[in-house]
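The values are calculated or read from the model by the stated rules, or taken from the named source; none is laboratory data. These figures come from a predicted structure and were not determined experimentally. Cβ atoms come from the backbone with ideal geometry, glycine included; neighbour counts cover every protein chain shown. Protein only, heavy atoms only, side chains kept; ligands, DNA and RNA dropped before computing areas. Shrake-Rupley method; radii C 1.70, N 1.55, O 1.52, S 1.80 Å.
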Amino acid sequence: MKTRDRLRIAMQKSGRLTEPALELLTRCGLTFRQSRDKLFCFGEGEPVDLLLVRDDDIPGLIAQGVCDLGIVGRNVLSEFQLTAGRELAPLSELRPLGFGRCRLSIAVPQELDYQLPQHLEGRRIATTYPGLLGEWLRTHGVNAGVVTLAGSVEIAPKLGTADAICDLVQSGGTLVANQLRETDVLLESEAVLAGPLTLPVDERGDMLELLMKRLDGVIQVRESRLLLLQTSRTTLEAVTRLLPGGPQPTLLAVAGQPDQLMLQALCAGEVSWRQLEEIKKAGAREMYVLPVEKMLA
Ligand code: ATP
Ligand code: ZN
């Protein structure tokens, strides 16, 4: 493979993953010159460029070495891994990214008597994910016809081209609108950072490592809160016991009040009013919950 000194990331040109993916990269300190209606966006600060494509093309672009990384749904990546030819390089999921959540599910018409996967024996199932569906059917020892469609899978039962479907579900609204009932979840999906199994060893490798560190920081702080409070030394233990997760808190002295301490703790998730009220009852006061802007471990 030809060596390049700039990292190239493939992402969806226009769709559900576009805005959150761009926001994530921006939070990692990347900025791009080109307008978004172009295929290629040149990275300004860091040597990282973007290729804007259809999401289905992303795994192939990485496997062929056209791009180093991609932001794509786990559903698309897994399907590629199951169906791609052996001549292509294998890919891996480097990080889950926490957006674009959905699931790949089996759904059947409301009136169909269905309790077990075996009830699909001999039936036709419409899907855009023949690889994932085929694997699930094999696991359950079911022989069913797989009808591969490019889109509008949810109307296949009504059109009579299939008895059931295997499709992406988020809220379930589309299923209800088509008188379908979700029965089995094949895959829980979200956007992921995809890359080759073996990462590049040239200049791109260093940039990739840096980017992953920033990404981890961004993902971690998105959920993190900094909790600040005051407590007396006598109630410190009771207060500390109620702190929601995270590493050991930091304790600071309060000027002129030797029996008082200021406590600072990083919490892994949201801190609720109920939790704050409990901590206060245990003896804390002057409590603050702050969002975390950046983090570098
Ligand atoms: P493209 O033109 O890039 O091929 P698309 O129509 O295949 O676009 P979108 O509908 O934008 O793609 O979905 C992109 C990804 O968003 C999906 O592959 C999936 O990972 C995720 N996603 C989240 N919720 C849903 C949902 N309710 N339906 C479909 N995809 C969803
Ligand atoms: Zn697509």
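Taking segment 9-37 as the range and being within 16 Å of ligand 1 (Cβ to nearest atom) and not in a helix (DSSP H, G or I) as the test, the residues that pass are I9, A10, M11, Q12, K13, S14, G15, R16, L17, R36, D37. Whenever a residue of segment 73-96 is farther than 16 Å from G131 by Cα, its partners that are open to solvent by 40 Å² or more (accessible area, probe 1.4 Å) and away from ligand 1 (no atom under 15 Å from the Cβ), lying with C-beta atoms within less than 6 angstrom and at least six residues away or across chains, give the pairs S92/L197.
Does R6 satisfy the condition of being in contact (Cβ under 8 Å) with a residue 24 or more places away in the chain and more than 16 Å from ligand 1 (Cβ to nearest atom)? Judged against the criteria, R6 is a match. If we scan segment 198-209, do we find a residue that is of a type in the set (K, R), open to solvent by less than 30 Å² (accessible area, probe 1.4 Å) and in the same structural domain as L69 (by TED's automatic domain parsing)? Yes, that holds for at least one residue. Taken together, L186, L227, L175, L180 contain a single residue that is within 19 Å of the chain's Cα centre (by Cα) and crowded, with 19+ Cβ neighbours inside 10 Å, which is L186. Checking segment 62-77 against the condition returns a match, with at least one residue being open to solvent by 30 Å² or more (accessible area, probe 1.4 Å), closer than 16 Å to E188 by Cα and out of contact with any Lys or Arg (no Cβ under 6 Å at 6 or more places or on another chain). I'd like the full set of residues that are in contact with a helix residue (DSSP H, G or I) (Cβ under 9 Å, 6 or more places away or on another chain) and either part of a loop (DSSP other than H, G, I, E, B) or more than 20 Å from L276 (Cβ to Cβ) (or both), limited to segment 230-247. Correct list: L242, L243, P244.
I want to confirm something. Restricting to segment 1-50 and keeping residues that are of a type in the set (S, T, Y) and surrounded by 12 or more Cβ atoms within 10 Å (Cβ to Cβ), which single residue is nearest to C102 (Cα to Cα)?
Selected residue: T18.
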